[in-house]
Every structure is written in structure tokens, then in C-alpha cells.
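First the structure, in the form of C-alpha cells, and then the observations on it.
The values are calculated or read from the model by the stated rules, or taken from the named source; none is laboratory data. Since the structure is predicted, the reported quantities are computational estimates derived from the model, not experimental observations. With ideal geometry, Cβ positions are generated from the backbone for all residues, glycine too; neighbour counts draw on all protein chains shown.
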Amino acid sequence: MTESTAEELVLDHGPVEIMLIEIEGDPFDERLWQLVGESIDLQQIQILDAAVVRRLDDETVEFIELDQEPTAAVSALELLATGLLADEDLEELAEDIETGSSAVVIAFEHVWARALASRLLEIGGAVVGTQRIPAPVVQVVFDALSEDSSETEGTE
């Protein structure tokens with residue numbers, strides 16, 4: 001990125017992530033949406049778009065836009081870019097859902113990273129890749145490291 005391009009570009013948004021959350025039971029469960037709301041209240045994320053995806057027993061896939069669902073917890077969310085998630089995106093994500101299951105797809109902005117992205121841009125930098133490691137995998141690794149550390153301390 002050239003210096004003149006960096007000076008001209010103003011970032012009003014941070015990076016956006018699309019998350020697929022498979023959930024047992026009702027995808028409109030108020031508890032799920034309260035958790036999402038807590039992250040919004042803490043100004044960690046902004047919800048841009050969201051939908052529910054169901055893979056039916058006959059392998060057909062059904063999409064439900066959140067603005068079509070009148071539950072209180074869901075209707076309290078402000079979706080800032082409805083239509084951002086295209087049917088093609090939802091179809092691709094639905095491949096990861098078990099038959100007979102439902103999942104919530106949420107496109108959200110990492111509000112916390114907006115300032116970092118802007119500051120990187122000011123010095124001619126940019127994040128060009130990321131990789132997400134699921135929390136359960138991280139926990140297993142840290143537990144293993146902790147066990148290794150404990151074993152090493154015991155042999156000294």
C-alpha cells in the first residue's frame with residue numbers, strides 16, 4: 001500500500017467476521033441472543049447481518065432472515081447491513097451443519113480492532129491474514145502446556 005493511498009483511506013469499520021454457530025434446540029433461544037447482546041454492549045462487536053440456517057432431514061437447506069423472526073431477544077438487535085449475507089454464503093456455510101440441525105450465521109464487525117487497523121494503515125501496514133483457533137482447541141493446548149510445566153517443575 002502506498003503512502004498516498006494510506007493517507008486517503010479513512011476506516012469507519014474494523015475487520016468483519018462471519019461466524020457459524022451450530023446450536024442444539026431452538027436457534028432463537030433468548031440465551032444465545034443475550035450473549036450476543038452482551039458483546040455488543042461491551043462494544044466488542046457490531047452485528048452487521050445474521051440469519052438462521054437449517055439443514056433438514058431430507059438434506060434441503062432453509063434460510064431464515066432475522067428480521068422475519070419476531071422474538072424479543074432477536075428483534076432487539078440492530079442489524080447494520082442486512083443483506084450482507086448472500087444466499088450463496090449461507091449455502092456454503094450450511095455444508096458444515098449436521099443433517100437435522102440448525103445454526104446461526106452472524107456477520108459482525110470487530111469494533112475493538114478498528115483503531116488498530118487505522119493505526120496500522122497510518123504507518124503503511126495492514127493485517128493481510130488471520131487464523132482463528134477454536135476456544136476448545138486453545139484450552140486443550142494450554143492444559144497440555146500446564147501439565148508439561150508441572151511435570152518439569154517436579155523433576156528439578
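Entry remark, the stretch 58-77: residues being modelled with pLDDT of 80 or more and β-branched (Val, Ile, Thr) number 3 in total.
Scanning the stretch 1-51 for residues that are of a type in the set (Gly, Ala, Ser), modelled with pLDDT of 90 or more and farther than 17 Å from ALA81 by Cα gives a single hit, SER39. Residue pairs whose Cβ atoms lie under 7 Å apart, sitting 6 or more positions apart in sequence or on different chains, and linking a residue in the stretch 22-36 that is on the phi > 0 side of the Ramachandran plot to a partner that is modelled with pLDDT of 90 or more, do not occur here.
Taken as a whole, the stretch 103-117 holds no residue that is small (Gly, Ala, Ser), closer than 27 Å to ASP57 by Cβ, in a helix (DSSP H, G or I) and at pLDDT 90 or above.
Would it be correct to say that THR82 is over 23 Å from HIS13 (Cα atoms), among the β-branched types (Val, Ile, Thr) and modelled with pLDDT under 90? For THR82, the condition - over 23 Å from HIS13 (Cα atoms), among the β-branched types (Val, Ile, Thr) and modelled with pLDDT under 90 - is not met. Checked against (1) in contact with a strand residue (DSSP E or B) (Cβ under 8 Å, 6 or more places away or on another chain); (2) touching a residue at least 40 places away in the same chain (Cβ under 8 Å); (3) surrounded by 12 or more Cβ atoms within 10 Å (Cβ to Cβ), THR82 meets all criteria but (2).
This table checks each residue for (1) closer than 30 Å to LEU120 by Cβ; (2) in contact with a Lys or Arg (Cβ under 6 Å, 6 or more places away or on another chain); (3) crowded, with 16+ Cβ neighbours inside 10 Å.
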site: PRO27; (1), (2), (3): no, no, yes
site: GLU62; (1), (2), (3): no, yes, no
site: LEU66; (1), (2), (3): no, no, yes
site: ALA73; (1), (2), (3): no, no, yes
site: GLU95; (1), (2), (3): no, no, no
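Please go through the stretch 94-109 and pick out each residue that is in contact (Cβ under 8 Å) with a residue 24 or more places away in the chain and out of contact with any helix residue (DSSP H, G or I) (no Cβ under 9 Å at 6 or more places or on another chain). Of everything in the stretch 94-109, those that are in contact (Cβ under 8 Å) with a residue 24 or more places away in the chain and out of contact with any helix residue (DSSP H, G or I) (no Cβ under 9 Å at 6 or more places or on another chain) turn out to be ALA94, ASP96, ILE97, GLU98, THR99, GLY100, SER101, SER102, GLU109. Looking at the stretch 108-122, can you tell me whether even one residue there is closer than 30 Å to GLU30 by Cβ, touching a His at 6+ places or on another chain (Cβ under 9 Å) and among the acidic types (Asp, Glu)? For the stretch 108-122, residues closer than 30 Å to GLU30 by Cβ, touching a His at 6+ places or on another chain (Cβ under 9 Å) and among the acidic types (Asp, Glu): present. Here THR152, THR130 are screened, and the one residue that is surrounded by fewer than 10 Cβ atoms within 10 Å (Cβ to Cβ) and over 28 Å from LEU35 (Cβ atoms) is THR152.
The set of residues in the stretch 24-50 that are in contact with a helix residue (DSSP H, G or I) (Cβ under 6 Å, 6 or more places away or on another chain), in a strand (DSSP E or B) and of a type in the set (A, V, I, L, M, F, W, C) comprises ILE45, ALA50. Per the listing LEU121, LEU90, the residue uniquely out of contact with any Phe, Trp or Tyr (no Cβ under 6 Å at 6 or more places or on another chain), part of a helix (DSSP H, G or I) and either buried (at least 16 other Cβ atoms within 10 Å of the Cβ) or free of Cβ contacts under 8 Å to residues at least 12 places away in the same chain (or both) is LEU121.
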